[in-house]
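Working notes, beginning with the structure itself.
The values are calculated or read from the model by the stated rules, or taken from the named source; none is laboratory data. It should be emphasised that the depicted structure is a prediction, and the values quoted were computed from it without experimental measurement. Here Cβ is always computed from backbone atoms with ideal geometry, including for glycine, and neighbour counts include all displayed protein chains. Protein only, heavy atoms only, side chains kept; ligands, DNA and RNA dropped before computing areas. Shrake-Rupley method; radii C 1.70, N 1.55, O 1.52, S 1.80 Å.
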Amino acid sequence: MTTSTTRRALLLAAVLAAGAGFATAAAAQTSIKIGYVLSRTGPNTGGAAVTTLPNYEMWAKEVNDAGGIKLGEKRVPIEIVAYDDRSSAEEAVRGIERLINQDKVDFILPPWGTGLNLAVGPILAREGYPHLAATAVTDKAPELAKRWPNSFWLLGTSTGAAEALVDLLVKLRDEKKIGDTVAMVAIADGFGIDLSTAARPALTKAKFKLAYDKSYPIGTQDLAPIINDVKALNPDVFVAFSYPPDTLALTEQSRIAGFNPKIFYTGVGTAFPLFNQKFGKNTEGVMGIGGWSGDSAAIKDYLARHKAARNGAEPDRWASAVTYSSLQILQQAIERVGKVDRAAVIKELQTGSFDTVIGKVKFENNLPTRYWWVGQWQGGDFYGVAPAGNVGARAAIVPKPAWVAP
Amino acid sequence: MTNAILTGLMLGGMYALIAMGLTLQYGVARIMNLSYGEVLIAAAFGAQGLFTGWALSPFAGLAFVIPVAFLLNLAIYRVLLSPLVRRARTRDALEVDSILATFGLAFILQGIMLSMFGGAYYSYSYLASPVHLFGETIAANRLAALAVCILLGGSLYLALTQTRGGTAIRAVAVDPAAAQLVAIDVARTAAFTFALGGALVASAGVLISTFLTFSATSGVVFTMKALIVVVMGGVGNMLGCLVAGLLLGVSEALVASLIDPGLTLAVNFALFLVVLLVKPAGLFGRASR
């Protein structure tokens, strides 16, 4: 008896809730529902927790503190729905489907990493949601942007990354600052394979001597053999297309072995605040993928806000600022359209120009026109040094200063 | 060549260190502990917290982490696992049940660490200075880990073979039913050994945190590595653990510098396969039944 009463009461409550739902849907937009699926567990967590999640949370709070997103004359708060994709592509696609069909979100923020952005691309394209991929580096970007006009690839292509690096090396060689022996290692996983495949022909074409060119499996726990072999070859340039744990291990091992080439370049993770915390003074002169215009007022302000919002934690100096900018771009596009009209927002993204912390962004064929590809630690910040034509590019410090005892 | 062997020995020492606790937990207490790697990572976080918060050296931190890990593991065994032990009719049944229970425990531990530390990578520098040995340069923290591993492994081996308590532990490993007949308190010995294994893996976590980058979700890597070493060395055998670990480490380093660093995993698994084909019970294991 009691249970059936309870059940009836629950049913009644459910019906009422459903009715209320209809009522709000029929009335004017009172909130904008924004959903995202992010790797909160599994192997992608380390990247997502530094680059993506802090920016999503910080942006949502900032927008709501300011009263929300401006739709026409009034401001509408945003409401966040978030799921964990457990670092798996299937889970990410399922999460996005759920956001679209069940939660009926108005906009979707992308997952972290190249693989997951590629995985959720088709469904976002099919359902017509803007897709601002801020953490994907892929050579397919121009092709995908054409196939999925709703998608924007803010980090560019691995060929772009490799060629910008080689251009910098050529310039430094012309200035007689470095010789022409290069040692290259890469992780045997998506990022490392893509980048080394793009760098190899570019280096050969520029007549560099590739003295060492090997890959190592993901999860390798001791990189000392690689550093010892490379050190014996005494190259001018060391290039590692590595992931965060290996970036730290290769740098540490090089310091211990006293391997100090004129150019020391490592991959993902060089731009992480952890890198600076761990190596302190020894970061000086280390190059890596990414970088930002550390001298610009917008970046300084972003860094200060990020630290204030995240209990002192700093953003990474590459994709973090790009991720935050992608959110600013989305907000500005929605505000210019003035209503939740995804097709119009996509059109605005394609044609408009946007003010962000990384400067003015205007997409051409759904790709930005400038990227930071090589950064260098100089005096405790990771400044962009290449392409040299970018606003705020610093001159590279070459040769890299010697390692000091920690 | 000398360098490759030296780095290999240090890598192998680390593998052995990671696996020693599991060989006790699996070999004696018969708990196939899948939350093993998470315990290791928890200890690494503990060491990192003591180091960054109180500037306490990880080696001094061991004095704190080891007893805490021992007590926590004892509690885990008493609360979570002893009901399974009581219920299990055979050792095989206990193995299956413990796999399921500790699989769940792994997620709980990982969830706690994720909520406390977030998903980001952690790393700090301790004893990251060069040491010159046989004309080669190696990292002091890795050398220290190898030394502690040999010390712990050696003293445990002696304790297990030379003392009365150690003999009791080995008796339980070989035949728990018969051990009861000679007045060995099997339940107690198993609980003690499980907790000892937990303390060992915690000390491994502390040492490893001085040179490896870790995050709340990287535990499973260590569980897998430990499992390979334990099975290869012979379940429950300390010496086997040490030999298997060193063998894996040296072969990995040799292949990396003589052939190609891309083949290290392949060599690891090839070696594992060969050992299992030739000696299915592991290098030092005795075939049971």
Of (1) touching a residue at least 40 places away in the same chain (Cβ under 8 Å); (2) more than 14 Å from chain A (Cβ to nearest Cβ); (3) part of a helix (DSSP H, G or I), B:Met32 fails just (3)
Scanning segment A:134-180 residue by residue, those hydroxyl-bearing (Ser, Thr, Tyr) and at pLDDT 95 or above turn out to be A:Ser151
Apart from one, (1) buried (at least 22 other Cβ atoms within 10 Å of the Cβ); (2) within 24 Å of A:Lys339 (Cα to Cα); (3) small (Gly, Ala, Ser) all hold for A:Gly67; the odd one out is (1)
Exercise. With respect to A:Ala396, is the statement that it is among the aliphatic types (A, V, I, L, M), over 26 Å from A:Asp65 (Cα atoms) and not in a loop (DSSP other than H, G, I, E, B) true?
Worked result: no
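Yes or no, residue by residue, for (1) over 19 Å from A:Leu349 (Cα atoms); (2) in contact with a strand residue (DSSP E or B) (Cβ under 6 Å, 6 or more places away or on another chain):
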residue	(1), (2)
A:Asp106	no, yes
A:Pro110	no, yes
A:Leu116	yes, no
A:Arg126	no, no
A:Thr138	yes, no
A:Phe152	no, yes
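When you scan segment A:300-315, how many residues do you find that are touching a residue at least 60 places away in the same chain (Cβ under 8 Å) and under 19 Å from A:Asp355 (Cβ atoms)?
Step one: filter segment A:300-315 for residues touching a residue at least 60 places away in the same chain (Cβ under 8 Å), giving A:305-306, A:309-310, A:313, A:315.
Those left that are additionally under 19 Å from A:Asp355 (Cβ atoms): A:305-306, A:315.
Here the count works out to 3.
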Exactly one of A:Lys33, A:Lys74 is among the basic types (Lys, Arg), surrounded by fewer than 17 Cβ atoms within 10 Å (Cβ to Cβ) and more than 18 Å from the chain's Cα centre (by Cα), and that residue is A:Lys74
Within segment B:256-287, the count of residues that are in contact (Cβ under 8 Å) with a residue 60 or more places away in the chain and surrounded by fewer than 18 Cβ atoms within 10 Å (Cβ to Cβ) comes to 1
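Go through segment A:220-233 and report how many residues are within 18 Å of B:Met1 (Cα to Cα) and polar (S, T, N, Q).
Keep residues of segment A:220-233 that are within 18 Å of B:Met1 (Cα to Cα), which gives A:222-233.
Adding the requirement that they be polar (S, T, N, Q) leaves A:228.
Within segment A:220-233, residues that are within 18 Å of B:Met1 (Cα to Cα) and polar (S, T, N, Q) number 1.
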Practice item. For B:Val235, state whether it is more than 8 Å from chain A (Cβ to nearest Cβ) and touching a Ser or Thr at 6+ places or on another chain (Cβ under 7 Å). Key: yes
Among residues of segment B:1-27 being within 11 Å of chain A (Cβ to nearest Cβ) and of a type in the set (Val, Ile, Thr), the residue surrounded by the most Cβ atoms within 10 Å (Cβ to Cβ) is B:Ile18
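If you go through segment B:169-201 one residue at a time, how many are among the small types (Gly, Ala, Ser) and open to solvent by less than 20 Å² (accessible area, probe 1.4 Å)?
7
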Pairs returned, first residue in segment A:388-406 that is within 14 Å of chain B (Cβ to nearest Cβ), second residue that is surrounded by 16 or more Cβ atoms within 10 Å (Cβ to Cβ), beta-carbon separation under 7 angstrom, 6 or more apart or interchain, are A:Ala402/A:Asn260; A:Trp403/A:Arg255; A:Trp403/A:Asn260; A:Trp403/A:Asn282; A:Val404/A:Asn282; A:Pro406/A:Asn282; A:Pro406/B:Ser125; A:Pro406/B:Ala128
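A quick yes/no check of all residues on (1) among the aromatic types (Phe, Trp, Tyr); (2) under 19 Å from B:Gly118 (Cα atoms); (3) open to solvent by 30 Å² or more (accessible area, probe 1.4 Å); (4) modelled with pLDDT under 95:
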{"position": "A:Gly42", "(1), (2), (3), (4)": "no, yes, no, yes"}
{"position": "A:Asn55", "(1), (2), (3), (4)": "no, yes, no, no"}
{"position": "A:Ile100", "(1), (2), (3), (4)": "no, no, no, no"}
{"position": "A:Asp106", "(1), (2), (3), (4)": "no, no, no, no"}
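Would you please name the residue that is farthest from B:Leu242 (Cα to Cα), looking only at residues in segment B:114-134 that are of a type in the set (A, V, I, L, M) and crowded, with 20+ Cβ neighbours inside 10 Å? Spell out the reasoning first.
Of all residues in segment B:114-134, those of a type in the set (A, V, I, L, M) come to B:114, B:116, B:120, B:127-128, B:131, B:133.
Adding the requirement that they be crowded, with 20+ Cβ neighbours inside 10 Å leaves B:120, B:128.
On the way: B:Ala120: 32, B:Ala128: 24 Å.
Going through the qualifying residues, I end up with B:Ala120.
For B:Ala253, are the conditions met, namely being open to solvent by less than 10 Å² (accessible area, probe 1.4 Å) and more than 14 Å from every other protein chain (Cβ to nearest Cβ)? Please lay out each step first, then the result.
Values: open to solvent by less than 10 Å² (accessible area, probe 1.4 Å): yes; more than 14 Å from every other protein chain (Cβ to nearest Cβ): no.
No: the conditions fail for B:Ala253.
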Counting only residues that are surrounded by fewer than 16 Cβ atoms within 10 Å (Cβ to Cβ) and polar (S, T, N, Q), segment A:299-351 contains a total of 2
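Return yes or no: is A:Tyr216 more than 10 Å from every other protein chain (Cβ to nearest Cβ) and surrounded by 24 or more Cβ atoms within 10 Å (Cβ to Cβ)?
Values: more than 10 Å from every other protein chain (Cβ to nearest Cβ): no; surrounded by 24 or more Cβ atoms within 10 Å (Cβ to Cβ): yes.
No.
Residue under question is B:Asp97, and the condition is that it be open to solvent by less than 60 Å² (accessible area, probe 1.4 Å), part of a helix (DSSP H, G or I) and of a type in the set (D, E, K, R); does it hold?
Yes.
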Contact list, first residue from segment A:354-378 and farther than 13 Å from A:Ser325 by Cα and free of Cβ contacts under 8 Å to residues at least 40 places away in the same chain, second anywhere and in a loop (DSSP other than H, G, I, E, B) and hydroxyl-bearing (Ser, Thr, Tyr), beta-carbon distance below 9 Å, six or more apart or interchain, is none
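Would you please name the residue that is nearest to the chain's Cα centre (by Cα), looking only at residues in segment A:260-269 that are at pLDDT 95 or above and not basic (Lys, Arg)? Walk me through it before giving the result.
Kept after step one, since they are at pLDDT 95 or above, are these residues of segment A:260-269: A:260-266.
Filter again for not basic (Lys, Arg), leaving A:260-261, A:263-266.
On the way: A:Asn260: 29, A:Pro261: 28, A:Ile263: 24, A:Phe264: 22, A:Tyr265: 19, A:Thr266: 16 Å.
My answer is A:Thr266.
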Checked segment A:280-334 for anything under 21 Å from A:Ala66 (Cβ atoms), out of contact with any strand residue (DSSP E or B) (no Cβ under 8 Å at 6 or more places or on another chain) and of a type in the set (A, V, I, L, M, F, W, C); matches are A:Ala297, A:Leu303, A:Ala304, A:Ala308, A:Ala309
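Just to verify a result, which residue in segment B:35-59, among those that are of a type in the set (Ser, Thr, Tyr) and open to solvent by less than 10 Å² (accessible area, probe 1.4 Å), is nearest to the other protein chains (Cβ to nearest Cβ)? Give the steps one after another, and end with the answer.
Restricting attention to segment B:35-59, the residues satisfying the condition of being of a type in the set (Ser, Thr, Tyr) are B:35-36, B:52, B:57.
Remaining after also requiring open to solvent by less than 10 Å² (accessible area, probe 1.4 Å): B:35-36.
Details: B:Ser35: 15, B:Tyr36: 16 Å.
For segment B:35-59, the residue satisfying everything is B:Ser35.
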Going through segment A:255-273 in order, the residues found to be at the interface with chain B (Cβ under 8 Å from one of its Cβ atoms) and crowded, with 22+ Cβ neighbours inside 10 Å are A:Arg255, A:Ile256, A:Gly269, A:Phe272
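Inspect segment A:183-201 for any residue being β-branched (Val, Ile, Thr), over 15 Å from B:Pro261 (Cβ atoms) and either touching a Lys or Arg at 6+ places or on another chain (Cβ under 8 Å) or open to solvent by 10 Å² or more (accessible area, probe 1.4 Å) (or both) and give the result as yes or no. Spell out how you get there, then give the answer.
Initially, segment A:183-201 is screened for residues β-branched (Val, Ile, Thr), giving A:185, A:187, A:193, A:197.
With over 15 Å from B:Pro261 (Cβ atoms) added as a condition, the list becomes A:197.
From what's left, either touching a Lys or Arg at 6+ places or on another chain (Cβ under 8 Å) or open to solvent by 10 Å² or more (accessible area, probe 1.4 Å) (or both): A:197.
Checking segment A:183-201: at least one residue is β-branched (Val, Ile, Thr), over 15 Å from B:Pro261 (Cβ atoms) and either touching a Lys or Arg at 6+ places or on another chain (Cβ under 8 Å) or open to solvent by 10 Å² or more (accessible area, probe 1.4 Å) (or both).
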Residues of segment B:81-90 being assigned to a helix (DSSP H, G or I) and either without any contact (Cβ under 8 Å) to a residue 40 or more places away in the chain or loosely packed, with under 14 Cβ neighbours inside 10 Å (or both), in sequence order, are B:Pro83, B:Leu84, B:Arg86, B:Arg87
Q) Got at least one residue in segment B:135-156 being farther than 26 Å from B:Ile76 by Cβ, within 14 Å of chain A (Cβ to nearest Cβ) and open to solvent by 60 Å² or more (accessible area, probe 1.4 Å)? A) yes
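Could you pull out the residue among A:Glu73, A:Glu90 that is among the acidic types (Asp, Glu) and more than 13 Å from A:Val37 (Cβ to Cβ)? Working first, answer last.
On the way: A:Glu90 fails: more than 13 Å from A:Val37 (Cβ to Cβ).
The conditions single out A:Glu73.
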(1) of a type outside the set (Lys, Arg); (2) within 28 Å of A:Asn44 (Cβ to Cβ); (3) open to solvent by less than 10 Å² (accessible area, probe 1.4 Å) all hold for A:Pro244 apart from (3)
